[in-house]
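Enquirer: Attaching a single structure in structure tokens format; questions to follow.
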Amino acid sequence: MIKKVFIFVLFFVITQNYYFNSYAVEPEEILTNKKQEILARKISKNIRCMVCQNESIDASSAPLAKDLRILIRNKIQEGKNSEEIYKFLTDRYGDFILLKPPLKIITFPLWFLPFFILIISIIYVFWLNKKSKKT
Amino acid sequence: MNKKLLILPAIIFSSILLVFFYLLIIDRDPSGIPSALINKKIPKFETKSLLTEETFISSDLFNNEITLVNFFATWCKPCRDEHDNIKKLSNEGGLKIIGINYKDNNEKAIKWLKELGNPYTSVGIDKNGSIAIDWGVYGIPETFVVDSSGIIKYRHVGPITNKIYNKINMIVIAIK
């Protein structure tokens, strides 16, 4: 029974990766050049909407999100690459505007502490288990 | 199940709870996300002035004195709420305050300032919000404290409440 539940949960979790998320891009924003539009969507999905801070500007209907979407599309049309666009935004809004925190020395704990704690916990459980078996 | 297994996780969990409780009860700075422009020079910009025919140029406005920059709009309720404190900062504090009218209607803004009083030495028009983006503004009203060399020293997101009013005065004294 537990095996069935486990398989169901695993399946459910994996399929969460493959969904059509709702987006807030309005028709007049969409660039005619498909490649540029795809790049714009890709960058937008990694930019936090500073108003509704859990959403990307791609998904948020806030006015600032729209302004930033348009700004990103303009910059792409000017020929800027994603690195330059990210720099433009983090210069003004800080690293917080990126949904994926950049990998810097200071964010190492943010990225790696969960794995570290998990490993420590597993070792701890095994060690306790071993200890109780000795008695 | 070995009871000893539960001690360490219990300690860790209690410590986490204590940290959260501590963060809840201390008085935290509600000024929002710290500005990425702190200790940097003000962004250069040029736009139209709301109340005069002159152009509104950043390099002309910041003249070797401590200046406040306040992003506001007539459609923004918290901006209306803080307006008395902005006037107080200008009148009682004697501070130079520059207004940036964000995504607003010029006639409405002129009328608003006429009716409620104008605390600003000058007001620039940010019709499409691009000046706001250059300043990292995300939720008006926002107020910046700029020192006499044109360096941004502090940014507050949200209305200037009485508490924040005092804080701003302290900051101004500190950077004199």
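Enquirer: The range A:86-135: percent of C-alpha pairs farther apart than 13 Å?
Expert: 69
Enquirer: With a 10 Å Cβ neighbour count serving as the proxy for reagent exposure, in which order, fewest first, do B:83, B:156 appear?
Expert: Ranked by crowding around the Cβ, least crowded first: B:83, B:156.
Enquirer: So which GluC sites (Glu not before Pro) in the range B:63-99 pass both tests, a DSSP loop state and at most 12 other Cβ atoms within 10 Å of the Cβ?
Expert: Counting only loop positions with at most 12 other Cβ atoms within 10 Å, the GluC sites (Glu not before Pro) in the range B:63-99 are B:65, B:92.
Enquirer: Just need the relative contact order of the range B:92-161 here, percent rounded to a whole number, with Cα pairs under 8 Å and 6+ apart.
Expert: The normalised contact order for the range B:92-161 reaches 27 percent.
Enquirer: Same structure, new question: Jot down the radius of gyration and Dmax of the range A:50-124, Cα atoms only, both in angstrom.
Expert: Both quantities, over Cα of the range A:50-124: 16.6, 55 Å.
Enquirer: Give me the angle, in degrees from 0 to 90, between the Cα long axis of helix A:82-93 and the longest principal axis of the Cα atoms of chain A, rounded to the nearest 10.
Expert: In chain A, helix A:82-93 runs at an angle near 90 degrees to the longest axis.
Enquirer: Expressed as a rounded percentage, what relative contact order does chain A have, with Cα pairs under 8 Å and six or more residues apart?
Expert: The normalised contact order for chain A reaches 18 percent.
Enquirer: Using only Cα atoms, locate the centre of the range B:92-150 and the centre of the range A:49-64, then give the distance between them in Å, rounded to an integer.
Expert: That distance is 24 Å.
Enquirer: Using a ≥ b ≥ c from the Cα gyration tensor of the range B:30-176 (square roots of the eigenvalues), is it rounded, prolate or oblate, where a/c under 1.5 gives rounded and otherwise the larger of a/b and b/c decides, a/b for prolate?
Expert: It is rounded, given that a/c, with a ≥ b ≥ c, falls under 1.5.
Enquirer: Moving to a separate point now. Of B:41/B:176; B:44/B:153; B:41/B:88, which sit over 23 Å apart, Cα to Cα?
Expert: Among B:41/B:176; B:44/B:153; B:41/B:88, the Cα-Cα distance tops 23 Å for B:41/B:88.
Enquirer: Just the number, please: Stokes-Einstein D of the protein assembly as shown in µm²/s, Kirkwood Rh from C-alpha pairs, 25 °C, 0.890 mPa s.
Expert: 106
Enquirer: Using a cut-off of 14 Å between beta-carbons, work out the net charge of the residues near residue B:148 (Lys and Arg +1, Asp and Glu -1, residue B:148 not included).
Expert: +2
Enquirer: Also, I was wondering about something else. Calculated from DSSP H runs of 4 or more alone, at -39500 (n - 2.57) each and per residue, what is the 222 nm mean residue ellipticity of chain B, nearest 500?
Expert: -12000 deg cm²/dmol
Enquirer: Quick one: 3J(HN,Hα) in Hz for the range B:72-84, Karplus 6.51/-1.76/1.60 with θ = phi - 60°, rounded, Gly and Pro as x.
Expert: With coefficients 6.51, -1.76 and 1.60, one gets 8, 7, 6, 8, 9, 4, x, 5, 5, 5, 8, 4, 5 Hz.
Enquirer: Taking loop as defined by DSSP and a crowding limit of 16 other beta carbons within 10 Å, which chymotrypsin sites (Phe, Trp or Tyr not before Pro) in the range A:17-123 fit?
Expert: A:18, A:19, A:20, A:23
Enquirer: What FRET efficiency do you get for residue B:151 and residue A:36 if R0 is 35 Å and r is their Cβ-Cβ distance, rounded to the nearest 0.05?
Expert: 0.40
Enquirer: Okay, moving on. Looking at the range A:84-135, which trypsin sites (Lys or Arg not before Pro) are in a loop (DSSP not H, G, I, E or B) and have at most 10 other Cβ atoms within 10 Å?
Expert: Answer in residue order: A:104.
Enquirer: So what is Rg over Rh here for chain A, counting just Cα atoms and using Kirkwood for Rh?
Expert: 1.17
Enquirer: Hey, can you grab everything whose amide H is under 5 Å from the amide H of residue B:151? Only 5+ residues off in sequence or another chain; H modelled, so Pro and N-termini drop out.
Expert: Hits under the 5 Å cutoff: none.
Enquirer: How high is the relative contact order of chain B, in percent, with contacts defined as C-alpha pairs under 8 Å that are six or more residues apart?
Expert: The normalised contact order for chain B reaches 29 percent.
Enquirer: Looking at B:15, A:2, B:135, which one has the Cα that reaches farthest to the positive end of the dipole of the protein assembly as shown (charges on Cβ: Lys, Arg +1; Asp, Glu -1)?
Expert: Result: A:2.
Enquirer: Here's a follow-up. If you take every residue apart from residue B:54 with its C-beta less than 10 Å away from the C-beta of residue B:54, what net charge results, scoring Lys and Arg +1 and Asp and Glu -1?
Expert: After counting each charged neighbour, the total is -1.
Throughout, read-outs are computed from the coordinates displayed, never taken from laboratory work. As the structure is a prediction and not an experimental result, all values here were calculated from the model. When we count neighbours, we look across all protein chains shown, and the Cβ atoms used for this are built from the backbone with ideal geometry, even at glycine.
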